[in-house]
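Beneath this line is the structure, given in structure tokens, with notes to follow.
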There are 4 protein chains.
Amino acid sequence: MSDHAAEEDALQLGLVRMQQAMAASGARAIVVLEGRDTAGKDGTIKRVTEHLSVRNTRVVALPKPSDRERSQWYFQRYVAHLPAAGELVIFNRSWYNRAGVEVVNGFSTPAEQARFLADVPGFEAMLVESGIALVKLWLDISKEEQAERLERRRTDPLKALKVSALDAVAQDKWDDYTAARDAMLTRTHIPLAPWICVRADNKKRARRNVIRHLLRTLAPAEVAAEVKAPKPEVLFPFEMAALEDGRLAR
Amino acid sequence: MSDHAAEEDALQLGLVRMQQAMAASGARAIVVLEGRDTAGKDGTIKRVTEHLSVRNTRVVALPKPSDRERSQWYFQRYVAHLPAAGELVIFNRSWYNRAGVEVVNGFSTPAEQARFLADVPGFEAMLVESGIALVKLWLDISKEEQAERLERRRTDPLKALKVSALDAVAQDKWDDYTAARDAMLTRTHIPLAPWICVRADNKKRARRNVIRHLLRTLAPAEVAAEVKAPKPEVLFPFEMAALEDGRLAR
Amino acid sequence: MSDHAAEEDALQLGLVRMQQAMAASGARAIVVLEGRDTAGKDGTIKRVTEHLSVRNTRVVALPKPSDRERSQWYFQRYVAHLPAAGELVIFNRSWYNRAGVEVVNGFSTPAEQARFLADVPGFEAMLVESGIALVKLWLDISKEEQAERLERRRTDPLKALKVSALDAVAQDKWDDYTAARDAMLTRTHIPLAPWICVRADNKKRARRNVIRHLLRTLAPAEVAAEVKAPKPEVLFPFEMAALEDGRLAR
Amino acid sequence: MSDHAAEEDALQLGLVRMQQAMAASGARAIVVLEGRDTAGKDGTIKRVTEHLSVRNTRVVALPKPSDRERSQWYFQRYVAHLPAAGELVIFNRSWYNRAGVEVVNGFSTPAEQARFLADVPGFEAMLVESGIALVKLWLDISKEEQAERLERRRTDPLKALKVSALDAVAQDKWDDYTAARDAMLTRTHIPLAPWICVRADNKKRARRNVIRHLLRTLAPAEVAAEVKAPKPEVLFPFEMAALEDGRLAR
């Protein structure tokens, strides 16, 4: 067995122990998974949930809001899915749509987007202070890598359902997405719910780093202790100041 | 027709116009109605909703939380009932249970209660800044009046369903309820969502004052303008400082 | 106190006892209230719920379905409101919209309407056999009475929120509504969930008869026994055969 | 590439085309996946959903009902998850709990279980006749295979979250589960929603057969036509009469 394979087994085992501990204690956790198109959100979630309990784990990927939902409080349809005791809820895209895809494509008004950025810190602080663990992960890919993945999507019929109308503009509007991302990270990186940025050009490495971070954050100390330290050039907490080792893709 | 009857008709008509304007503009409003046992919440709501549209008005009186709900984010089950476009939602008791009945009777922990008081201003500010009008009303009765009403409840078989196990302690724990109320008002009276305290020993006067306040807050200017100015000794905004004209019942 | 006033008090007291018994036993009940525009549904519900517990009673008056709901199973949004233990749920208009207003105004397809009539008996039988009491009430008014009430609605500003775009056609399409009602009653009057038709030209009498019927159906025997026998010319179970005493308004 | 690998790719591609067609037409589908412990439900779902859209596919694995849900209509909490236009909903265990695990372990009363078996045909017929495709799959394993899988579960720490208190009795109560299964299949195998039983001792073969069946049932004719005919000894529709080729495990 290769070193990587052995480590992956150890990480999966760590996730299992993490969820056993959560079930025993009634702990609740939310994982918010964000990133540009093709950053690897779906695949990462599949890897994370591979051995988890289907009853205590929920992956939430909401469809477009209905006309009625659109007129309600923005967070309302997300709140309906928050975890009960012992549950892990993974949001595959989340309330942060309003700070990313909606900004770049004009799906909401600038006033709504500004309101969102102002609201998020308070909203998330409430969840965390109520005892819910909240992990926010940004999968970061480079422009070149995205170009290749989009091309593979277009040509691989098995990926046909991943193709969306927005793919066409992901590269053209790369800089707009970058600006939106930076505004989002800057405004919503708070002590109680920091963003963790994961370099995602290398899928396997990215997934390992995501799992390592989940274990260090959500698992009991003795489980987390077994997890190898993440390599600093791949996983880093978002920093407002200059990031020598952790530049995000521009 | 007496003066009061004429004014009541005018107030009811104002409510109708208010809701017509809300439906036309897609406005959304929440009314939170709180007060001690027998303060007159149910009766006030009946009067307010008398001529309103049953489709655009929802009265929410949640039963005890289920075991699952008890393990979720405290606000979650209330958020599910927030208004869509054109809707008026009246909470007959609300999230403020945690600052009143739960405090006095130990239904939650002091830490949860402290957390609640810290969370409310941020939670409500989000709702208001998202464009939802939020009116918070405290119906204030005196100890003597409550004693009489509790006695009538006990002896009037038509009021049998209003009798609860907590009635027995409402008078004995009067001072505890007073302290809880004062802590609640002090901590959650915020500019974006102020408490309005209404003297409620006189039911009819209290109801008129509630409706006046709703019209002045939620109705278009031309409708509100027709509403008589409320008498200051009955209706007053909560004030942190000494209230010469507006002392709450001790 | 007049005879009527005395009887009304007795009926209200019966409702209180009925709900006390339901709360004690964990019984569940649904009341479906249907009838033409202006038949008196809102007012009847106000009278029925006058002294009932706001926590154990829910009045459900659903707004128009959202685009998403429209694509779901027709009964889905109603099922969400079915009663838990001890609860009484009153539907102010119900799933029967599909057999009335939708038929006359073409809001759904003839195939959907036919499907609905075929589904209802099975759907309701399931609810009843699961232990939920189901009372279906049709408030029946005459064409002349409806004409007068529509006229009062148009001219009384307090009734402005009751005016709907459909009022205009209620009289013109009177015969279409009659035909839809007859098809609905004929197809969905089943032993487990019979329709009870209540003559509603006289509002007070109609309300008394509704309450009498609720007590005879939902209250313990000793409570029901105190209720005066309903006058046969006013309240009658729907009969497929010729109705000598109980002709519905044509 | 082996023959099996090539066929698996073709099947996955078929699923992608199936969902594209569903999204385009607004079709809705439910897949109910049942089977004894360790029959392979979770793994099958992972394979089926591998390339499907996360927004249009929902896997529903409900936790234990809350105390409030337990007092509601049995189907109520499942109905909340029925599909909207374009959606595929996969129930990982479903309402059939009441006919299997609840029967063997006494989690509900015999009367409730009898009621359930009587209700299911009507309930499912309504869904199907409303235009929702309903596929019911029973994964059938032998006693020996289950024994081996349970043993692997007990010893493989990666499978720790799959271990449940009920595993211990799965073998001891094998015959009771067999009897419950036979009663369930016999009573709920209806023309509009037939059971398809899939031999599942060979996991890979079982998954291929499941996907083949989904394609033949839910995909457009031209997609289904490309799917190889299933081998009759592995996949068979449930038959009341003697099953020469399709004996279920006893």
Before anything else, pin down the relative contact order of chain C: Cα pairs under 8 Å, at least 6 apart, normalised by residue count, whole percent. 27 percent
Choose one answer from B:SER53, B:SER25, B:SER71: the residue with the largest mean-square fluctuation in a GNM of chain B with alpha-carbon springs under 10 Å. B:SER71
Mean Cα-pair separation over length for segment D:1-105, i.e. relative contact order, pairs under 8 Å, 6 or more apart, %: 41 percent
Label points for B:PRO191 built 7 Å along Cα→Cβ; distances to same position in the other copies, nm, shortest first, come to 2.5, 7.0, 7.2
Calculate how many DSSP beta bridges within the protein assembly as shown are antiparallel, expressed in % of all such bridges and rounded to the nearest 5. 15 percent
Residue closest to axis [chain D; rotation mapping onto B; Cβ; Å]: D:SER66, 2
Hey, for B:GLU151 with labels 7 Å out along Cα-Cβ, what do the inter-copy distances come to in nm, ordered shortest first? 5.2, 8.0, 8.9
Can you give me the pair-distance distribution of the protein assembly as shown, C-alpha pairs, 10 Å bins, whole percents? 2, 10, 18, 22, 21, 16, 9, 3, 0, 0
If I build a Gaussian network model for chain A, linking alpha-carbon pairs within less than 10 angstrom, which residue out of A:PRO220, A:PRO83, A:PRO63 has the largest mean-square fluctuation? A:PRO63
Amide H neighbours of A:ARG28 at under 5 Å, excluding residues fewer than 5 places away on the same chain, with H built from the backbone geometry, are A:GLY86, A:ALA133
What is the gain in length, in nm to one decimal, between A:ASP172 and A:HIS81 on full extension, counting 0.36 nm per residue of separation less the C-alpha to C-alpha distance? 29.4 nm
If the label for C:THR109 sits 7 angstrom from Cα along the Cα-to-Cβ line, what are its distances to the same label in every other copy, in nm to one decimal, shortest first? 3.9, 4.3, 5.7
GluC sites (Glu not before Pro), restricted to segment A:43-119: which are DSSP loop and have at most 16 other Cβ atoms within 10 Å? A:GLU50
Beyond 21 Å, the calculated P(r) of segment A:3-237 holds a percent of Cα-Cα pairs equal to 58 percent
Which one of B:ARG47, B:ARG70, B:ARG205 has the biggest mean-square fluctuation once chain B is modelled by GNM with Cα springs under 10 Å? B:ARG70
Tally the DSSP beta bridges in segment A:3-237 and give the antiparallel ones as a percent, rounded to 5. 15 percent
Can you pull the mean other chain C-beta count within 10 Å for peptide C:54-64? 5
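Computed from the coordinates by the stated procedures, all read-outs in this text should not be read as laboratory data. This structure is a prediction, so every number in the text was calculated from the model and none was measured. In this analysis, Cβ positions are derived from the backbone assuming ideal geometry, glycine residues included, and neighbour counts consider all displayed protein chains.
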